[in-house]
Amino acid sequence: MSVLRNLEQKLAGLVEGGFGRAFRTEVGVSEIARRLAREMDEHREGPRSRPTAPADYVVWLSARDYEGLQGNEAQVTGELAGFLLEHARAERLTLPSSPTIELAIDENLGLGEFGIETLAAAELDSEPPVAAAEAEPPEPVAAREPVEGRALLEIEGTRFTVSPGGTVVGRSRDCDVVLEDPDVSRHHARIALAEDGTWLVEDLGSTNGVAVNGARIQGSSVLASGDRVVFGKVQGSFVER
């Protein structure tokens with residue numbers, strides 16, 4: 001059984017589906033776990049023979065989802081931290097400390113929406129580096145204030161939080177937004193916040209292309225709140241928060 005499937009089953013069994021109830025389906029659990037692993041991968045540093053990666057992350061939730069997890073926070077954060085530990089082991093990453101997952105409220109998020117933030121080492125008490133194989137999942141830490149710079153991608157009635165650091169859309173299960181449609185490429189497109197503060201959508205060499213407001217893009221294109229974005233034949237809308 002895969003680590004991700006094992007995680008889903010554990011979390012789905014919490015007190016009448018506690019975590020599953022908050023996110024409505026097990027797909028939400030998979031998306032959060034994949035996003036956490038992707039954040040870890042994107043922030044890895046150092047030589048290929050001994051890369052390091054951050055160990056501390058915040059999962060931003062809507063007030064309703066956070067309330068739905070009351071009483072189950074320790075189980076949820078513990079299982080997600082354990083998943084990250086297994087991911088770090090598989091990737092042979094060295095972590096500065098045991099993985100921690102913090103649950104926090106972002107009042108701008110709606111039910112079922114979430115965001116991921118990587119905490120820099122400077123924001124934490126310093127600890128000596130430990131190998132992933134030696135680390136153990138810790139207890140959750142207290143919630144923090146919301147942060148700026150997020151957007152939403154709404155597709156077929158489902159809203160996905162777009163990370164400023166980049167959100168990949170595609171058919172592959174390792175994408176941040178998974179679209180199970182034959183006209184969507186495995187890694188179809190990426191949406192990210194540029195250094196000048198504008199949002200960009202980039203075609204990752206997809207077969208059927210990306211269109212913004214009816215016009216197929218070449219390479220990348222600026223996105224504005226309310227723009228219609230089509231991945232192959234799957235339509236969505238972009239909303240800046």
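The values are calculated or read from the model by the stated rules, or taken from the named source; none is laboratory data. The model shown is predicted, which means the values in this text are computed figures rather than measured ones. Here Cβ is always computed from backbone atoms with ideal geometry, including for glycine, and neighbour counts include all displayed protein chains. What goes into the accessible areas is simple: the full protein's heavy atoms, side chains included, and nothing from ligands, DNA or RNA. Shrake-Rupley method; radii C 1.70, N 1.55, O 1.52, S 1.80 Å.
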**Request:** Mind listing whichever residues of the range 84-117 are surrounded by 21 or more Cβ atoms within 10 Å (Cβ to Cβ) and assigned to a loop (DSSP other than H, G, I, E, B)?
**Result:** 93, 99, 106, 109, 113
**The listed residue being modelled with pLDDT of 50 or more, touching a helix residue (DSSP H, G or I) at 6+ places or on another chain (Cβ under 9 Å) and under 21 Å from residue 32 (Cα atoms), out of 162, 168** = 168
**Members of the range 32-49 that are touching a strand residue (DSSP E or B) at 6+ places or on another chain (Cβ under 6 Å) and outside any helix (DSSP H, G or I)** = 43, 45, 46
**Complete:** How many residues of the range 226-241 are in contact (Cβ under 8 Å) with a residue 60 or more places away in the chain and either assigned to a strand (DSSP E or B) or out of contact with any Lys or Arg (no Cβ under 6 Å at 6 or more places or on another chain) (or both)? The answer is 9
**Residue satisfying condition, being open to solvent by 20 Å² or more (accessible area, probe 1.4 Å) and modelled with pLDDT of 80 or more, within set 67, 31, 73, 26** = 67
**Fill in**
Considering the range 159-174, residues that are of a type in the set (Ser, Thr, Tyr) and surrounded by 17 or more Cβ atoms within 10 Å (Cβ to Cβ), and then whichever is farthest from residue 114 (Cα to Cα), we arrive at 167
**Request:** Find the residue count for the range 132-159, including only residues that are modelled with pLDDT of 80 or more, more than 16 Å from residue 31 (Cα to Cα) and among the charged types (D, E, K, R).
**Result:** 1
**Item:** Condition broken by residue 79, with the remaining ones in (1) within 16 Å of the chain's Cα centre (by Cα); (2) open to solvent by less than 20 Å² (accessible area, probe 1.4 Å) satisfied
**Value:** (2)
**Asked** Yes or no: residue 211 in contact with a strand residue (DSSP E or B) (Cβ under 9 Å, 6 or more places away or on another chain), closer than 19 Å to residue 241 by Cβ and either free of Cβ contacts under 8 Å to residues at least 60 places away in the same chain or not in a strand (DSSP E or B) (or both)?
**Response** no
**Request:** Being open to solvent by less than 10 Å² (accessible area, probe 1.4 Å), among the β-branched types (Val, Ile, Thr), more than 21 Å from residue 107 (Cα to Cα) and at pLDDT below 90 narrows it down to one of 177, 229, 210, 201, so name that one.
**Result:** 177
